[in-house]
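Okay, so here's the structure we're looking at.
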Amino acid sequence: MSAAGENSALLPQPEAYAERSFGFWLYLMSDAIIFALLFATYQIMSGDTAGGPAGSGLFSLAHTFSETLLLLTSSLTFGLASLALESGSRRWVLVWLGVTFALGLGFVAMELHELHGMVAAGAGPDRSGFLSAFFTLIGTHGLHVSGGLVFIVVMMVQVVVKSLSRPVSSRLERLGLFWHFLDIVWIGIFSVVYLPGILR
């Protein structure tokens with residue numbers, strides 16, 4: 001067998017990519033179950049303020065809307081990176097991944113600023129059941145976004161080093177699933193946590 005034949009034999013076959021995609025969907029389903037449990041816990045604990053501050057005195061609609069705008073825009077820019085991937089433009093894949101990273105980083109920074117301000121005001125997770133459930137839900141989502149940012153950096157390096165090879169493209173597709181999943185979870189957080197909390 002020639003060297004080229006040996007190298008091609010070492011490459012994952014199409015069914016291997018399908019298996020990896022299926023495995024990643026299973027991971028997303030398990031993540032969805034985790035977030036569903038956190039949402040359920042928050043709903044149960046949302047009224048347990050223990051005489052402490054409630055969402056109406058802690059949440060800022062303008063701040064939360066800005067966070068939402070950043071994350072939803074990052075989903076759009078990742079979509080543009082996916083289109084660039086389909087067209088085979090490495091340069092634009094890197095550009096749109098970079099923009100997505102910047103927007104995601106801005107979101108995490110705003111989230112940390114909000115949580116730090118709450119803790120400084122005496123509304124930390126140890127203050128009440130409501131705040132404990134809130135910090136757990138928001139913190140879990142923030143950790144996922146932070147993990148997604150690391151994933152983006154890793155993929156940008158791989159695009160530079162390995163170009164848009166099939167393995168790299170497959171990983172970028174899975175990263176896209178993960179990033180859009182986090183946007184959907186955030187829409188749930190905005191709708192179930194922030195809006196009702198502000199309107200109460």
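The values are calculated or read from the model by the stated rules, or taken from the named source; none is laboratory data. Since we're looking at a predicted model, the values are computed, not measured. Cβ sites come from the backbone with ideal geometry, for glycine too, and all protein chains shown count toward neighbours. The accessibility values were calculated without ligands, DNA or RNA, using every heavy atom of the protein model including side chains. Shrake-Rupley method; radii C 1.70, N 1.55, O 1.52, S 1.80 Å.
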The chain: calculated mean residue ellipticity at 222 nm from DSSP helix runs of at least 4, using -39500 (n - 2.57): -28500 deg cm²/dmol
Accessible heavy-atom area order of 180, 141, 63, 113, highest first, probe of 1.4 Å: 113, 180, 63, 141
Protein accessible area in the range 82-151, 1.4 Å probe - carbon and sulfur %: 68 percent
Accessible area per residue, Å², the range 139-189 with all protein chains present, probe 1.4 Å: 39 Å²
Charge dipole (the range 69-200, unit charges on Cβ, about Cα centre) - positive-most of 112, 94, 122: 94
Ratio Rg/Rh, restricted to the range 46-106 and using Cα atoms, in which Rh is the Kirkwood radius: 1.30
Span-like helix ranges in the chain, DSSP H, alpha carbon extent 18 angstrom or more, Kyte mean at least 1.0: 61-87, 90-120, 129-162
Cα-centre dipole for the chain with unit charges at Cβ (Lys and Arg positive, Asp and Glu negative), debye to 20: 340 debye
